[in-house]
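Report on the following structure.
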Amino acid sequence: MTDAEIDAKLAELGLSLPVAAAPVAAYVPVVVAGGPEGLLAHVSGQLPFIDGALVKGRLGENVSAEEGTAAAQACGLMILAQLKAALGSLDKVERIVKLGAFINSTGDFTAQPQIANGVSELMVAIFGDAGKHARSAVGVPTLPLGAAVEVDAIVAVRA
Amino acid sequence: MTDAEIDAKLAELGLSLPVAAAPVAAYVPVVVAGGPEGLLAHVSGQLPFIDGALVKGRLGENVSAEEGTAAAQACGLMILAQLKAALGSLDKVERIVKLGAFINSTGDFTAQPQIANGVSELMVAIFGDAGKHARSAVGVPTLPLGAAVEVDAIVAVRA
Amino acid sequence: MTDAEIDAKLAELGLSLPVAAAPVAAYVPVVVAGGPEGLLAHVSGQLPFIDGALVKGRLGENVSAEEGTAAAQACGLMILAQLKAALGSLDKVERIVKLGAFINSTGDFTAQPQIANGVSELMVAIFGDAGKHARSAVGVPTLPLGAAVEVDAIVAVRA
């Protein structure tokens with residue numbers, strides 16, 4: 001799938017890629033590992049920026065399910081932006097393999113799957129079958145900078 | 001190790017595979033990634049079902065260590081059920097590579113390793129040396145649907 | 001990079017490798033997976049030992065940022081010790097691919113990236129560009145044995 005096709009899919013969804021955010025610390029956003037026939041890109045945990053502002057807060061407390069789902073989608077857009085910056089083009093994405101979704105949650109909030117669908121449905125909407133991935137979604141009591149959601153990814157890429 | 005051999009091992013332990021649960025959301029249970037000589041199956045985070053009922057609750061609060069360990073074992077059985085459904089046969093399992101165990105815990109519960117042994121010991125009991133894996137085990141304040149344990153996996157598989 | 005070069009780098013930093021700790025449970029510290037051209041070592045979550053004592057406690061409560069950062073570095077040293085024990089030599093490390101940092105945190109502690117830099121900066125100080133990795137860092141309410149930090153790793157290794 002070419003970058004132009006992906007941009008068109010995003011536009012259909014009323015979305016566009018953000019500028020790839022610089023890591024806040026001593027790591028890099030994407031590392032590609034594996035042999036020539038099994039290249040995997042490991043994408044650092046991405047935080048949710050909407051209109052340039054970090055979505056902060058906690059599900060079950062001061063972030064609604066709708067806001068949380070949108071935050072997860074924003075993490076997904078940043079994952080794509082990081083991949084595009086690292087690989088040159090999203091045309092090199094072969095398969096979204098695994099997403100790890102960490103949801104800032106109170107002890108009685110248990111709808112992490114619904115929130116994580118914000119990023120999962122984005123990947124399927126963009127890449128179709130190649131966007132279908134394995135996933136874990138868990139609650140955490142706090143996240144970097146007070147973010148509502150953090151998502152990391154493993155992505156199979158073409159050489 | 002053939003499916004029949006694995007079923008026999010499970011029977012010795014008084015266990016059997018559950019029906020592979022459908023994912024509760026927009027993802028798939030297993031994704032196989034990597035080159036032909038290094039195929040890895042990434043298994044989504046699995047929740048603990050015993051006799052068809054989700055094991056809910058929190059270690060240190062309303063779930064005993066015994067119940068938690070049994071819940072972790074149930075997550076492991078579901079991981080195997082998902083692999084069998086995805087690969088056709090557990091005979092294709094070459095090595096359990098990594099388990100990620102998330103234990104629903106109060107702030108003062110620190111026996112996550114003991115709980116996670118429920119799934120770790122299952123893998124070694126079934127696969128022997130091929131069941132010896134790397135692992136992380138951490139406490140979390142809440143999990144999807146109120147589950148007591150969630151476990152995801154990376155598994156090396158034969159083509 | 002040879003073991004001697006790595007020992008020299010560590011000495012420059014005033015550091016040395018600990019004895020590789022035995023796993024506290026039914027798993028192994030390192031599993032190498034992948035095809036001959038894409039070998040990945042998966043390192044189990046490591047806890048922070050300084051002068052033989054586990055660094056316990058919670059960021060935001062009874063562990064300072066400095067202590068937490070030092071604990072993360074100690075996890076990194078243990079990751080290297082485990083790799084050396086498993087591979088025979090750290091000369092086989094090709095690239096630090098991904099670190100997963102779990103920080104024992106109160107609900108209002110949000111400087112997980114700063115804490116995780118303890119391990120991230122160690123890897124870059126030791127391996128240079130080959131030490132630059134993808135990372136996720138999240139808060140958790142509790143960790144095994146009351147540890148302040150737990151870090152797992154995926155590392156590309158030479159055959």
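Structural remarks
- Single residue of region C:1-45 satisfying the filter (among the hydroxyl-bearing types (S, T, Y) and more than 11 Å from chain B (Cβ to nearest Cβ)) that is nearest to A:L39 (Cα to Cα): C:T2
- In region B:99-125, the residues that are within 13 Å of the chain's Cα centre (by Cα) and surrounded by 24 or more Cβ atoms within 10 Å (Cβ to Cβ): B:L99, B:A101, B:F102, B:I103, B:I115, B:A116, B:G118, B:V119, B:S120, B:L122, B:M123
- Residues (under 17 Å from B:A159 (Cβ atoms), aliphatic (A, V, I, L, M) and modelled with pLDDT under 85) located in region B:1-55: B:M1, B:V32, B:A33
- Residue pairs meeting the criteria (Cβ under 9 Å; at least 6 apart or on separate chains; first at positive phi, in region A:59-78; second β-branched (V, I, T)): A:G60/A:T106; A:G60/A:T110; A:G60/B:T142
- Of all residues in region A:127-143, those being crowded, with 24+ Cβ neighbours inside 10 Å and touching an Asp or Glu at 6+ places or on another chain (Cβ under 9 Å) number 8.
- Residue satisfying all of: in region B:46-65; among the small types (G, A, S) and within 14 Å of chain C (Cβ to nearest Cβ); farthest from B:I79 (Cα to Cα) among these: B:G60
- When region A:144-158 is filtered for residues that are away from chain C (no Cβ under 11 Å) and touching a Pro at 6+ places or on another chain (Cβ under 7 Å), only A:A148 remains.
- Test: residue in region A:98-108 that is at pLDDT 90 or above and of a type in the set (S, T, Y): yes
- Residue pairs meeting the criteria (Cβ under 8 Å; at least 6 apart or on separate chains; first closer than 21 Å to A:E66 by Cβ, in region A:134-152; second in a strand (DSSP E or B) and among the basic types (K, R)): A:R135/A:K98; A:G146/A:K56; A:A147/A:K56; A:A148/A:K56
- Checking each residue in region C:102-143 for being among the aliphatic types (A, V, I, L, M) and more than 7 Å from every other protein chain (Cβ to nearest Cβ) picks out C:I103, C:A111, C:I115, C:V119, C:L122, C:M123, C:A125, C:I126, C:A130.
- In region B:66-83, the condition of being under 21 Å from C:A33 (Cα atoms) and either in contact with a Phe, Trp or Tyr (Cβ under 7 Å, 6 or more places away or on another chain) or not aliphatic (A, V, I, L, M) (or both) is met by at least one residue.
- Among the candidates A:I50, A:I96, A:I6, the residue that is surrounded by 23 or more Cβ atoms within 10 Å (Cβ to Cβ) and either more than 16 Å from the chain's Cα centre (by Cα) or among the aliphatic types (A, V, I, L, M) (or both) is uniquely A:I96.
The values are calculated or read from the model by the stated rules, or taken from the named source; none is laboratory data. Everything numeric here is computed off the predicted structure, so don't read it as measured data. No Cβ is skipped: glycine too gets one built from the backbone with ideal geometry, and neighbour counts run over all protein chains shown.
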